[in-house]
Amino acid sequence: RKLYMEIFRKYQLDAKRTCVDLGDLKLNLSHMVLGIISENEEYLKAIVENDMVNAKEEQADMLWYLANYCNFRNFNFDEIVGNPYSMDYDLENFEEKVSVYEVFSSRLADCVKKFIAYGKPLNEELEKKCIKLLVWSITIEDTAFDFNTDLEKNVNKLRQRFPEKFTREKALNRDLNAERKILES
């Protein structure tokens, strides 16, 4: 458990360095939830194309959005997740029939939607449950995902893209070949 906590703690700090702050909690949480959802589509595309390098990168990107969600909410990512391989959940019948990722990314999105549109307070317990189950679902189906190696490659990719910190210019003008070489190393 300690090893995973250290990996998640470090990743949360590294993720923060490359995340744009839109200046408003509602915008920041919307950005993170939209990223959590859109990265899943990119992951599924990589699986269909049998591009395992890209699939692992997309998994790490999903974790980047979750880590930064925690940053904006002042949650400790490592404390929420613990050891994702030791999670034992008795999922409801509905959740057993559909993707856990889709269910809990949707629940987190709904929580943020109600916060933005209706002024409903954020449900911290629900947020943390969703984050924990999203991390679990990202990694449980892929026993080859190595948190230490794959998250470090993702951080190095982001260092290539944003040597100092996030900029819109660098986000729009990426060197995809250089990033791919880092991910393949």
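The values are calculated or read from the model by the stated rules, or taken from the named source; none is laboratory data. This is a predicted model, so every value here is computed, not measured. We place every Cβ from the backbone using ideal geometry, glycine too, and count neighbours over all the protein chains shown. Areas reflect the complete protein model, heavy atoms only, side chains present, ligands, DNA and RNA absent. Shrake-Rupley method; radii C 1.70, N 1.55, O 1.52, S 1.80 Å.
Some notes on this structure:
- Model label sites at ALA144 and GLU164, defined 7 Å from Cα along the beta-carbon direction, differ in position by 3.9 nm.
- Fraction of alpha-carbon pairs over 20 Å apart in the chain - percent: 53
- Inter-centroid distance (Cα atoms) of region 1-59 relative to region 103-149, Å: 11
- Here the label points at ASP24 and LYS45, each 7 Å from Cα along the C-beta direction, are separated by 2.9 nm in the simple model.
- The sum of -39500 (n - 2.57) across all DSSP H runs of n ≥ 4, divided by the residue count of the chain, sets its helix-only mean residue ellipticity at 222 nm to -24000 deg cm²/dmol.
- Axial C-alpha extent at least 18 Å, average Kyte-Doolittle at least -0.5 - helices from the chain (DSSP): 25-48, 52-73, 100-118, 124-140
- Carbon + sulfur, % of accessible area of the chain - ligands and nucleic acids excluded, 1.4 Å: 50
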